[in-house]
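This report concerns only the one structure given below.
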Amino acid sequence: MKTFSKKINLVLIMFAILSMAITSCKKTETAINVSGVTLNLPALSVTVGATAQLAATIAPADADTKTVTWSSSDITIAAVDNSGMVVGVKVGTATITVTSTDGLKSATCSVTVNQSGISVTGVTLDNPTLSVKVGEQKTLVATVAPVDATLKTVVWSSSDISVAAVGTDGKVLGVKIGTATITVTTTDGAKTATCAVTVIQAGNQKAISGEIKGNRTLSADSVYLLQGFVYVIDGAKLTIPAGTVIKGEKASMGSLIIERGGKIDAQGTSSKPIVFTSNQAPGARTYGDWGGVILCGKAVINQTGGDAQVEGGPRSHYGGTDNADNSGILKYVRIEFAGYPFQPDKEINGLTHCGVGSGTTIDYVQVSYSADDSFEWFGGTVNDKHLIAFRGQDDEFDTDNGFRGKLQFLLGIRDYRKADVSGSNGFESDNDAAGDGNTPITNPTFSNVTMIGPMATPTFTSYSSDFKRGMHLRRNTKLTVYNSVIAGWPIGLYIDGSTTWANAQASELQIKNSALVGMATNFAVPSGSTYTAADVQTWFNDASRGNSIIVDPATAKISGTFVTNVEANAPVVLPLVGSPLLTGADYSDARLSDAFFVKTGTFIGAFGTEDWTAGWVNWNPQQTAY
């Protein structure tokens, strides 16, 4: 029995030893060891009694142990503490060494201690930001303070030399498209200043005018200028690579028009969006600096004869019999400072869809600072996703002439200072200008829309008097809206006209599982109507529709989505944790059964917990160097 017990004990001991060995091996296999250490300065000068900070960087950045020790070759000349702070003790030279505790990797700095003089108190650069083209050089100038400092030498460095390199003389070289930070550091006192460098495309600006025939492919290494109305004609195709910048000439109201039978292939990426923008300098851009982008297709519209001419001056016509027509692809595209008022009610919008068919792909498009509507659809059947209307002047999303497409994940954000004299709305929808029964009736389906108006609180009154309604539905429209949030407008829902009200009562005009948030007035109708605002309220609040009214944006936890007059501040697009908007979606309505609609989220509005604007959106194009 004793022998058996001894054997058992021996087995247990061997098992414990084996477990420790395996654990030890695993730790060894997964450990990330230090491969090196560097200092921010290879040499440093201080005066007697002065201090300067050295900074050590461990490589790799995710090393398990990043502690270091500091030492001086002669503490009677220059001493160093355990944070890398160097103090000059007496005139002479000494070497400061930093050593990693893991691997004993080291780096050194040669320190010269000078007789007490006038110490450096700071350094500044002549430009806090800089834009250079690939292959171009620009010089930064550093000014050391005070002007009579004893030692005024500096050291230059770049956060990413693969994007922008810098020489010992402050000359910055653009290496590839991207951003980097240039830092200048004084050798006396290690004072620093930085410059944010943006490297943009090389090459001269190339003009595009007249007609594009056949197939033409642009280059992302060049910047293009639209002069006047540029037409991609029937049978032609324009291909625009990711990262390409196209500007519109202001004097000629440069515009791009894809005519019936023409195609555009503009496929950007989240990291390299395609940008249509103003030709004006940063800081000098404004609404309506150029025309816009217009797509013309062959889908059915409700105009007489099935054909109509584009608003705003172009020669182009649209409409036809092919609801599956394909005008091309717009994906990860920004359109900035567009919109041209050719004449009252005859304007070019940021992005105009004219009889565009369902074979066309529109996804991830931001229209910013448009002088007219950000997006407008004149008939057609195109389906759009991930659209942003940002700080526009007139309406966000305008539908007319028998438009019947499907749309999901749309965001509209208004600048409270800017609205159009015609009256600015979030949704504006008409069957046609006369409001008659021409078919097909305007009957689009919107889901997951967030429409942010000018009022961050229901009592805010310092907005443009030209702001009107979150939804202005009129002239016999049958627009339908699901799972959406309309917030911060003088009037929430305005149903205009007896035919429009009849469509609502018949549930052909529909709003379901949506919220009105923080309106000054939730419901209104034109004076003299045969129905009242109370009737509209009863219709909206019917339990079968699942709608809600939330008192203010703070309660909805979306106050950060409203923008201020500080254009550099980006909106917070995601509802905060605990927002009532994160639940309540319903996709059971037959109109949402199409595979086009993503039905996995529980949130209403454009966002749940995923920010689909990340990477490709620009919230401050006024200051961007293109």
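Report, in debye and to the nearest 20, how large the dipole of segment 234-324 comes out about its Cα centre when Lys and Arg carry +1 and Asp and Glu carry -1 on their Cβ. Let's see the in-between values first.
Numbers: 9 positive and 8 negative charges, 55 e Å.
Rounded to the nearest 20 debye, it is 260 debye.
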Practice item. Can you tell me the 0 to 90 degree angle between the C-alpha axis of helix 2-30 and the longest principal axis of the chain, rounded to 10? Key: 70
Review point. Among 497, 439, 84, which residue has its Cα positioned farthest towards the positive end of the charge dipole of the chain, with +1 placed on the Cβ of Lys and Arg, -1 on the Cβ of Asp and Glu, and the dipole taken about the Cα centre?
Key: 84
Check your understanding: Projected onto the charge dipole of the chain (+1 at Lys/Arg Cβ, -1 at Asp/Glu Cβ, origin at the Cα centre), which of 293, 461, 409 gives the Cα projection farthest towards the positive end?
Key -> 409
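About its Cα centre, how strong a charge dipole does the chain have in debye, to the nearest 20, once Lys and Arg get +1 and Asp and Glu get -1 at the Cβ? Walk me through the numbers before you get to the answer.
Values: 46 positive and 54 negative charges, 434 e Å.
For this selection, approximately 2080 debye.
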Check your understanding: At a Förster distance of 35 Å, what's the computed FRET efficiency of residue 434 paired with residue 594, Cβ-Cβ distance as r, to 0.05?
Key -> 0.70
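Would you mind checking the pairs 213/298; 176/331; 66/176; 237/331; 237/346; 66/105 and listing those with alpha carbons more than 22 angstrom apart?
On the way: 213/298 19 Å; 176/331 24 Å; 66/176 32 Å; 237/331 16 Å; 237/346 27 Å; 66/105 11 Å.
Those over the limit are 176/331; 66/176; 237/346.
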Exercise for review: State the extension gain, in nm to one decimal, for the chain segment bounded by residue 532 and residue 64, taking 0.36 nm per residue of separation less the distance between their alpha-carbons.
Suggested key: 161.5 nm
Review point. So for the chain, taking the charge dipole from beta-carbon charges (+1 Lys/Arg, -1 Asp/Glu), which of 340, 94, 123 sits furthest toward the positive end?
Key: 94
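If you put +1 on each Lys and Arg Cβ and -1 on each Asp and Glu Cβ, how big is the dipole of segment 472-626 around its Cα centre, in Debye rounded to 20? Each step should come with its number before you reach the end.
Working: 8 positive and 11 negative charges, 37 e Å.
Rounded to the nearest 20 debye, it is 180 debye.
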Exercise for review: Percent of Cα-Cα pairs per 5 Å bin, from 0 to the last occupied bin, for segment 468-611, please list those.
Suggested key: 2, 9, 18, 21, 19, 15, 10, 5, 1, 0
Practice item. Tell me the trypsin sites (Lys or Arg not before Pro) within segment 291-355 that lie in a loop according to DSSP and have at most 13 other beta-carbon atoms within 10 Å. Key: 315
Review point. What does the accessible area of residue 611 come to, in Å² to the nearest 10, when a probe of 1.4 Å is used?
Key: 60
Practice item. With a 1.4 Å probe and every protein chain left in place, tell me how much accessible area residue 70 has, in Å² to the nearest 10. Key: 40
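Counting Lys +1, Arg +1, Asp -1, Glu -1, what net charge surrounds residue 423 among other residues with beta carbon under 11 Å of its beta carbon?
Numbers: positive: 468, 469; negative: 394, 395, 420, 428, 466.
Combined, the nearby Lys, Arg, Asp and Glu give -3.
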**Study point:** Fraction of beta bridges assigned by DSSP in the chain that are antiparallel (%, nearest 5)
**Key:** 30
Check your understanding: So if R0 is 51 Å, what FRET efficiency would residue 544 and residue 284 give, r being the distance between their Cβ atoms, rounded to the nearest 0.05?
Key -> 0.45
Review point. Expressed as a whole percent, how much of the Cα-Cα distance distribution for segment 491-545 exceeds 20 Å?
Key: 16
Point to revise | Cα-only Debye scattering, the chain: base-10 log of I(q)/I(0) at q = 0.05, 0.07, 0.09 Å⁻¹ | key: -0.34, -0.59, -0.81
Check your understanding: What is the gain in length, in nm to one decimal, between residue 586 and residue 32 on full extension, counting 0.36 nm per residue of separation less the C-alpha to C-alpha distance?
Key -> 194.6 nm
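The values are calculated or read from the model by the stated rules, or taken from the named source; none is laboratory data. All figures in this text were calculated on a predicted structure; none of them were measured in a lab. Positions of Cβ are backbone-derived with ideal geometry, glycine not excepted, and every protein chain shown enters the neighbour counts. All accessible areas refer to the heavy atoms of the entire protein, side chains included, with ligands and DNA or RNA removed. Shrake-Rupley method; radii C 1.70, N 1.55, O 1.52, S 1.80 Å.
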